[in-house]
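The values are calculated or read from the model by the stated rules, or taken from the named source; none is laboratory data. Quantities reported herein were computed from a predicted structural model and do not represent experimental measurements. FYI the Cβ positions are ideal-geometry reconstructions off the backbone, even for glycines, and counts take in every protein chain you see. Ligands, DNA and RNA are stripped out before the accessible areas are found, and what is left, the full protein with its side chains, is counted by its heavy atoms. Shrake-Rupley method; radii C 1.70, N 1.55, O 1.52, S 1.80 Å.
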Amino acid sequence: VVELSEARKQGGAYHDQVIEAAFLHSKLGCYFIGPYARRVSFASQQFRSLDLVEALAMKNKLPDPGPVAVLGGGLAGLTAVAALLGRGCKVDLYEAARDVLTRQREAAHRLVHPTISRWPMEELSLTTCFPFYDWGVGPCHRIMENLALEWRRYFGPAGNRDEDLRIITDTKVVGLISHPSGDRHVVSLELEQGAAARHYELVIVTTGYGAEHSLGAGRATSYWTPDQLEEKRLGNTKFAVGGCGDGGLIDALRLVHNEFAGGWLAFAVAERIAAAADSRVPAMLVQAEHDAMMMWKSISCMAKKPAELKPDRHRMLEPLHRAYAAAVAQLPPDVTKMLDDSLVDMPGKVWLVAPEAKVTVPLSAPIHKLMIVHAIERGKVEWKRGELKKKAKGYFYRPEGSDADEPLRDREVVQRHGAVSGLEGLLDDEQGVASLRLRQFMLADRIEVGPTRQAEPPLGYPRQAVERRPTAEFISSRHPAAVATVEAIDPRFTIDADERGFSYVLLSDEPDPPPGSGRRFGVALPSRLFGMVHTRHGELSSFDALA
Ligand SMILES: Cc1cc2nc3c(=O)[nH]c(=O)nc-3n(C[C@H](O)[C@H](O)[C@H](O)COP(=O)(O)OP(=O)(O)OC[C@H]3O[C@@H](n4cnc5c(N)ncnc54)[C@H](O)[C@@H]3O)c2cc1C
């Protein structure tokens, strides 16, 4: 809990913007966290949840006695639940699956990083600074495991919250009906399988980004489902990856880099560029992304059909692509060598297919765009402007401007065409969707990052005591996440905790970290984890040292 700026204390423009980005005129009483914002990351969804609860509190919109309904038990939903409990609200949490946090629980093949998707516009940081559901870089399934542990310990049934929290799992909400009731406005939730509707004054919708687009009938394999792509990369198989959002770029990079290692290569490249004092690359990318975003927002507000906006969008991509090509040419020599050494031998191993004029779309993370432009320049990825199609006879590719489909006989296809929208079914009117989409696109990415939130943890949750000295329980609450972060970076180390803080413990004196670990790529072990210090020599640290 950190001092708020004066503007935030007064419930100023930032809070208005937060509410406006989540509010919909046809669903009074309902507030939507995403899913139409551009920043698609765990941390940004958590920021949105914390900000919305703070803004609703500042504007006296939290019902007393409640309860508030939260729809969706992903990380955004759980963050909203904790923030609401911290404000003294009662909460009913609805989750369609058997348990919370199920979507990414198996994703051992994906590394997640708190800030990589916004670098260099924002600084790299290995851990988040949230007052609860704090996490650090590591394999997605380990992060989810630790967050689920925190949920069970402090917020779920084991947290002894019968009074203020009801958890309703295995229950999909299929409709939201907003209507006046006496002098108030209430929202009725329609539940699947004909269960009786429930009524609330305030509903926070955190149903996420939904299933991913599929080319044919049936579901696309989720981004979070283990796929053995690294193993498939070995050998002579060629691939066609569809989509140039982050999902497509990451999977193409996994296929052409022998050393992608789940994502460590990308983090290490970003860290090295950031540490190179004389590199102009970060400033070039910040400028180019800013200019492209201005243009894109302006274009997207024009009242035309999406197809009619195509020429404007293509014009916008030219300068952005030029900036990335220039940045690749100006990479620090050690970074260029690291990238070149990691590429597979086979030219044209991967086709990247999408209808955009250039591969560098404003939506995806700069680090992935930089690396894909490098791989294209080295001939390992071929950029194919056009469309992937699926028919009864298999997959086809149609080049832009052609009306003939070419069969993709010799390529394995990976579909990464983005998510559908987690609001399907919940928002039925087209105008409402259009209104929410536009406002979230314009407003929901303007997040004030940093530890500036007034989010009180609920009663019973460990907290940092006065003067920011962690209590012993606070230290033990962050311990599993600290261990996961450090072991992912360098498995020769683990973290010990006592009432004074964390310390590193060397488990093995092997001189080199094993292949595939972050340290191997140059990602440094953090000197501060979750705000806690350690000493270089591995003795137990004291918080007096921090002072
Ligand atoms: C393809 C893809 C790739 C991504 N890659 C990354 C990445 O590399 N790094 C990163 O930080 N972020 C990434 N993200 C974003 C990340 O997945 C989300 O930010 C994260 O899941 C946020 O959590 P959430 O709670 O908003 O949504 P979710 O995790 O999707 O949780 C939503 C929950 O709501 C439940 N639910 C849905 N509908 C209903 C309903 N009608 N009734 C009741 N419950 C319901 C679901 O079962 C689920 O538990 C990616 C997203 C996508 C789509």
* To do: Would you tell me the accessible area of His314, worked out with a 1.4 angstrom probe on the heavy atoms of the protein chains, in Å² to the nearest 10?
  => 40 Å²
* Considering only protein heavy atoms, what is the solvent-accessible area of Cys301 at a probe of 1.4 Å, reported in Å² to the nearest 10? -> 70 Å²
* To do: For Gly138, list long-range residues whose amide hydrogen, built 1.01 Å from N in the peptide plane, is under 5 Å from its own amide hydrogen.
  => Val112
* Structure fact -> Reported to the nearest 10 Å², Val414 has, with a 1.4 Å probe, an accessible area equal to 20 Å²
* Among the lysines, which fall within straight-line cross-link reach of Lys90, defined as a Cα-Cα distance under 19 Å, with same-chain neighbours fewer than 8 residues apart omitted? -> Lys59, Lys61
* To do: Please list Tyr397, Tyr223 in order of solvent-accessible area, largest first, computed with a 1.4 Å probe with all protein chains present.
  => Tyr223, Tyr397
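Could you sort Lys393, Lys310, Lys384, Lys27 by their accessible area in this structure, using a 1.4 Å probe and putting the largest first?
The ranking, largest first, comes out as Lys393, Lys310, Lys384, Lys27.
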* Asked: How high is the FRET efficiency from Val420 to Cys301, r the C-beta distance, R0 25 Å, rounded to 0.05?
  -> 0.60
* Starting from the Cα of Lys310, draw a straight line to each of the aspartates and glutamates and keep only those under 17 Å, dropping any in the same chain fewer than 8 residues away. => Glu318, Glu356, Glu387, Glu400
* Structure fact -> Residue by residue through the range 59-71, the couplings from Karplus 6.51 cos²θ - 1.76 cosθ + 1.60 with θ = phi - 60°, in Hz, x for Gly and Pro, are 9, 6, 10, 7, x, 10, x, x, x, 9, 9, 10, 9
* Structure fact -> Sparse-neighbourhood loop hits (trypsin sites (Lys or Arg not before Pro), the range 223-296; DSSP loop; Cβ within 10 Å at most 15 others) -> Arg280
* To do: Take Ser178, project a point 7 Å from its Cα along the Cβ direction, then tell me which residues of the range 198-231 have their backbone nitrogen under 14 Å from it.
  => 200-205
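Using the Cβ atoms and a cut-off under 11 Å, what net charge is assigned to the surroundings of Leu191, where Lys and Arg are +1 and Asp and Glu are -1?
-1
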* Built amide H within the under 5 Å cut-off of Phe130, gap 5+ -> Trp135
* To do: Please give every one of the lysines within straight-line cross-link reach of Lys238, meaning a C-alpha to C-alpha distance under 22 Å, and leave out same-chain neighbours fewer than 8 residues apart.
  => Lys349, Lys358, Lys369, Lys380, Lys384, Lys389, Lys390, Lys391, Lys393
* Could you work out the Kirkwood radius for the range 177-315, taking every pair of different alpha carbons, averaging 1/r and inverting it, reported in Å? => 20.8 Å
* Compute log10 of I(q)/I(0) for the range 130-232 with the Debye formula, placing one identical point scatterer on every Cα and leaving out solvent, at q = 0.13, 0.21 Å⁻¹, to two decimals. => -0.82, -1.24
* Structure fact -> Under the Karplus relation with 6.51, -1.76 and 1.60 and θ = phi - 60°, whole-Hz ³J(HN,Hα) for the range 299-309, x at Gly and Pro, equal 5, 5, 7, 6, 7, 10, 6, x, 5, 6, 8
* Applying the Karplus parametrisation 6.51 cos²θ - 1.76 cosθ + 1.60 with θ = phi - 60° to the phi angles of the range 283-291, what ³J(HN,Hα) value in whole Hz is obtained for each residue in order, glycine and proline being reported as x? -> 5, 4, 6, 4, 4, 5, 5, 4, 4
* **Largest to smallest accessible area among Val100, Val505 [probe 1.4 Å]** => Val505, Val100
* Whole-number accessible area per residue in Å² for the range 204-289, which is evaluated in the context of all protein chains at 1.4 Å -> 39 Å²
* Between the range 64-135 and the range 212-279, what's the alpha-carbon centroid distance in Å? -> 24 Å
* Overall Cα dimensions of the chain - principal axes, largest extent first, Å -> 64, 61, 42
* Cut-off under 5 Å, modelled amide H: who pairs with Lys380 long-range -> Gly348
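Quick one: length gained pulling Arg166 to Asp403 fully straight, 0.36 nm per residue minus the C-alpha distance? Intermediate results must be reported in sequence, preceding the final value.
Values: separation 237, 0.36 × 237 = 85.32 nm, distance 5.54 nm.
Between Arg166 and Asp403, full extension yields 79.8 nm more.
Can you send over the carbon and sulfur percentage of the accessible area for the chain, probe radius 1.4 Å, protein chains only? Please list the in-between numbers first.
Working: 12450 of 24340 Å².
The C+S portion of the solvent-accessible surface of the chain is 51 percent.
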